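These notes are about the structure you will find just below.
The values are calculated or read from the model by the stated rules, or taken from the named source; none is laboratory data. Just so we're clear, the structure is a prediction, and the values are computed from it rather than from any experiment. Virtual Cβ from ideal backbone geometry, glycine too; neighbours counted across all protein chains shown. Just the protein is used for accessible areas: all its heavy atoms, side chains included, with ligands, DNA and RNA removed. Shrake-Rupley method; radii C 1.70, N 1.55, O 1.52, S 1.80 Å.
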Amino acid sequence: MSELERQLTKALKRLSAQYETEQRRHSGQVEALRQQVEALRGRVERQGGENETLRQHVERQTEENGALQMRIERLDGQVTRLAECYGTLAATFRLR
């Protein structure tokens with residue numbers, strides 16, 4: 001084997017080793033990114049579930065608020081009628 005062939009073989013082995021090192025490093029980076037993506041995917045799914053729970057809670061609260069508003073309006077009407085009745089009753093007693 002000539003000197004040139006030895007140098008070329010040595011350079012090829014060195015390049016091959018560098019390639020394998022870079023390949024392992026790249027594979028490690030790809031795996032780390034894959035794990036980050038999976039973690040983010042899980043986080044998004046959990047957040048979606050939490051958002052749905054909050055949406056349902058807001059919907060229930062809105063319904064309850066509507067029912068309470070109707071009850072307040074009904075009670076307000078009853079108080080108004082009661083005040084009118086007391087006014088009429090007081091006027092009746094004054095007339096006697």
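Points to keep in mind about this one:
- Using the Cβ of Gln56 as centre and a radius below 15 Å, the other residues enclosed give a net charge of -3, where K and R count +1 and D and E count -1.
- Solvent-accessible area, 1.4 Å probe, carbon plus sulfur percent, for the chain: 59
- Given charges at Cβ of Lys, Arg, Asp, Glu: the stretch 40-96 dipole, positive-most of Cys85, Ala67, Gly49: Cys85
- Values of log10 I(q)/I(0), in the order q = 0.12, 0.14, 0.19, 0.22 Å⁻¹, for the stretch 10-96 under a Debye, Cα-only, solvent-free model: -0.73, -0.80, -0.95, -1.02
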